[in-house]
Amino acid sequence: FFFSIVLLTRHRGRLAALAIAVVVIAVGVPLWWKTTETYRAWLPVTQINQLAQLQLQLSVEVEVVFSRGTLTAEHQKKVDPTHTRLEEHPVDETTGLSYRYETRYRTATIMEEDALNQPTAAETDQSLHLLSESPCGSVVIYVVPESSTLLPEGVSVYVGQRRTALLRAGRPMRLGVGLKEVLAHLETQVQQVLKVMSFSHSDITAALSDRVRLDYSSRDGLVDSMRAFKSSPGYEITFSLLNPDPKSHHLHWDIEAAVQSYIQPLLSKLAPVADFSLDSQILYYAVLGVNPRYDPSLNAYTLNADSLSHVINPVEARLGSSAASSNPVLNFLLYVPDARHSPLYITDHRKYTVVSNAFSSPRWGGIMVYNVNGTELPVDINIDMTRVMGVFLAQLRLMLGVQSSTPPPGFLVGPCGPAGLADWELDRLLWSRSVENVATATTTITSLAQLLDQIGNIVINDNIAEQVSAAVASLQLAVGQLEAGNLGLALQYSKEAILQSERAFFDPSLLHLLYFPDDQKFAIYIPLFLPMCVPILLSLLKMAAEARQRRRERQDKKE
């Protein structure tokens with residue numbers, strides 16, 4: 001009887017240990033695994049990998065209009081109305097560029113012929129604009145006879161305020177050679193016009209600096225690349241008047257009217273690029289951080305180019321904080337020297353005085369020195385805002401990336417108009433900003449995807465996944481619109497992409513320090529589960545050993 005009780009107890013013990021092991025393995029482990037796993041929402045990894053291998057195609061619509069006397073009747077019948085030219089420019093192993101120029105040839109209408117009969121090229125440009133407005137990113141080239149008086153002598157191309165250029169017919173057209181030779185010669189001239197009015201390869205590769213390591217062959221090229229601010233949704237522009245000697249100089253500047261007259265038209269035209277906010281201030285007893293040197297040959301004080309870098313830091317400490325905004329700040333300072341250091345001139349590296357008496361600091365702003373006349377102190381001074389704003393407007397264009405490249409020989413570029421920015425200059429900026437936004441957003445998204453793939457214990461919330469998916473969708477749309485030649489839509493989608501990608505990348509929930517590494521998880525759970533698992537494991541091992549023993553005994557009996 002006692003032996004039967006012992007066997008029953010052992011049997012129940014085995015069953016209990018086996019039941020506990022089954023519950024722990026079949027229920028406990030999956031439940032623990034599920035409740036402690038890191039939640040990671042789905043990300044469009046395939047689309048992100050496709051964007052990592054960025055192949056951009058920029059399409060430009062070009063319209064070449066032949067005026068009366070530039071093509072013979074026979075040539076007009078034979079000319080192909082459309083022509084497409086494709087340029088391939090591999091950048092590196094992950095980035096490629098291609099430019100597609102879709103050219104359409106036609107003859108001028110009667111109203112366009114009337115506009116081309118205006119006395120000057122500027123009036124012709126305005127008359128052609130009133131007839132029709134070309135879409136953003138496109139270029140219209142009117143070919144005029146070689147004998148036309150619209151273009152001055154020695155000028156072969158006139159670039160106006162709009163998206164229109166006047167091109168003087170070349171020698172092959174005058175000699176009446178075949179149509180193929182005429183179009184081949186014209187194609188060369190059209191390419192030169194497009195490099196001025198649309199974009200150049202150097203502009204686009206410079207916009208890819210976030211993805212591509214650029215090689216600048218000269219110091220000037222590096223400075224030019226760093227002068228403009230990086231693309232941003234908004235900019236803060238601050239105008240400051242520095243008066244180091246308010247007891248001697250009573251300064252008056254009508255900054256509000258000057259901004260409305262000179263700066264606001266430019267910013268209104270740049271509204272598609274970014275949002276701008278303006279403010280102004282007057283700083284008293286603000287001195288430069290460098291003592292000017294007296295130059296007897298000029299009978300004036302000078303600041304040489306080597307000392308200009310030391311001027312900004314002491315002044316910047318008094319400009320105020322911009323911590324309330326994450327947008328870049330463009331500082332424009334007007335400095336009126338005190339009586340002891342007046343007049344004050346800025347000299348370049350060759351010791352020549354700078355005509356504007358101003359200098360700019362890349363991605364910071366500009367400073368202009370405004371000298372005043374008067375020996376009797378104190379003196380009231382009304383600052384000539386026309387002269388000041390002319391300098392600040394030129395510096396602002398450079399800071400915002402409006403490149404004023406030197407045109408090729410034979411080109412005449414007309415005035416940019418009251419807005420301080422021609423339409424084709426705006427298009428050049430939009431091309432660069434769109435490509436720059438696409439490059440920045442793709443770099444941000446691919447970096448985020450690689451980071452999340454390498455650190456597997458970071459939680460990916462649904463809102464992060466939505467922002468990443470939205471950024472990828474906006475990037476795909478921006479790339480598609482660039483390929484279709486819709487420059488305005490491409491810029492809009494690229495701005496949305498860069499905002500969404502940065503919002504996802506800098507989300508506070510993605511901080512790695514918020515989550516336990518795997519080794520710390522094991523350090524926490526092992527003391528909890530080990531005391532319970534050891535008896536179960538030993539019971540299972542003992543049951544397995546007894547089962548092997550019984551199997552061995554049965555085999556011995558059979559033998």
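Would you kindly identify the strands (runs of 3 or more DSSP E) lying entirely within segment 354-393 that contain at least 2 residues that are loosely packed, with under 15 Cβ neighbours inside 10 Å? Show your work before the answer.
Working: elements: 358-361, 365-369, 379-382.
The qualifying strands (runs of 3 or more DSSP E) are 379-382.
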Please go through segment 441-454 and give me each residue that is open to solvent by less than 40 Å² (accessible area, probe 1.4 Å), out of contact with any strand residue (DSSP E or B) (no Cβ under 7 Å at 6 or more places or on another chain) and among the hydrophobic types (A, V, I, L, M, F, W, C), ordered by number. A441, I445, L448, A449
Tell me the residue from D92, D80 that is open to solvent by 10 Å² or more (accessible area, probe 1.4 Å) and free of Cβ contacts under 8 Å to residues at least 40 places away in the same chain, please. D80
Scope segment 102-135; condition touching a residue at least 60 places away in the same chain (Cβ under 8 Å), within 22 Å of V79 (Cα to Cα) and among the polar types (S, T, N, Q); matching residues: T103
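Out of T149, T103, T95, report the one residue that is β-branched (V, I, T) and farther than 28 Å from V273 by Cβ.
Numbers: T103 fails: farther than 28 Å from V273 by Cβ; T95 fails: farther than 28 Å from V273 by Cβ.
Matching residue, one of T149, T103, T95: T149.
Look at segment 480-495 and say how many of its residues are over 25 Å from E63 (Cβ atoms) and over 12 Å from the mean Cα position of the chain (by Cα).
First, the residues of segment 480-495 that are over 25 Å from E63 (Cβ atoms): 493-495.
Next, only the ones that are over 12 Å from the mean Cα position of the chain (by Cα) stay: 493.
Adding up the residues that qualify gives 1.
Of all residues in segment 62-74, how many are more than 12 Å from T109 (Cβ to Cβ) and surrounded by fewer than 17 Cβ atoms within 10 Å (Cβ to Cβ)?
First, pick out the residues of segment 62-74 that are more than 12 Å from T109 (Cβ to Cβ): 62-64, 69-74.
Cutting the leftovers down to surrounded by fewer than 17 Cβ atoms within 10 Å (Cβ to Cβ) gives us 69, 72-74.
Number of matching residues: 4.
Between S277, S321, which is at pLDDT 85 or above and not aliphatic (A, V, I, L, M)? So that I can check it myself, show each step before the final result.
Values: S321 fails: at pLDDT 85 or above.
Sole residue among the options that is at pLDDT 85 or above and not aliphatic (A, V, I, L, M): S277.
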Cross-chain or 6+ apart pairs with Cβ under 7 Å, segment 249-263 first and of a type outside the set (F, W, Y), then buried (at least 19 other Cβ atoms within 10 Å of the Cβ) and not in a helix (DSSP H, G or I): H249/N243; H249/V336; L251/L241; L251/N243; L251/V336; I255/F239
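Here is a yes/no grid of residues against (1) open to solvent by less than 30 Å² (accessible area, probe 1.4 Å); (2) in a helix (DSSP H, G or I):
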residue: T103; (1), (2): yes, no
residue: D114; (1), (2): no, yes
residue: N117; (1), (2): no, no
residue: A122; (1), (2): no, yes
residue: L128; (1), (2): yes, yes
residue: T149; (1), (2): no, no
residue: P152; (1), (2): no, no
(1) assigned to a strand (DSSP E or B); (2) surrounded by 14 or more Cβ atoms within 10 Å (Cβ to Cβ): which one isn't true of L398, the others all being true? (1)
Considering only residues that are open to solvent by less than 30 Å² (accessible area, probe 1.4 Å), in a helix (DSSP H, G or I), within 19 Å of V273 (Cβ to Cβ) and among the small types (G, A, S), which ones fall in segment 469-511? S474, A478, A490, S494, A497, S501
Lone unmet requirement of (1) crowded, with 17+ Cβ neighbours inside 10 Å; (2) of a type in the set (D, E, K, R); (3) modelled with pLDDT under 85 for R162: (3)
I458: in a helix (DSSP H, G or I), out of contact with any strand residue (DSSP E or B) (no Cβ under 6 Å at 6 or more places or on another chain), over 30 Å from L393 (Cα atoms) and of a type outside the set (K, R), yes or no? no
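The values are calculated or read from the model by the stated rules, or taken from the named source; none is laboratory data. What you see is a predicted model, and the numbers here were worked out from it, not measured in a lab. Reconstructed Cβ throughout: ideal geometry from the backbone, glycine too, with neighbour counts over all protein chains shown. Please note that ligands, DNA and RNA were not included when accessible areas were found on the heavy atoms of the full protein model with its side chains. Shrake-Rupley method; radii C 1.70, N 1.55, O 1.52, S 1.80 Å.
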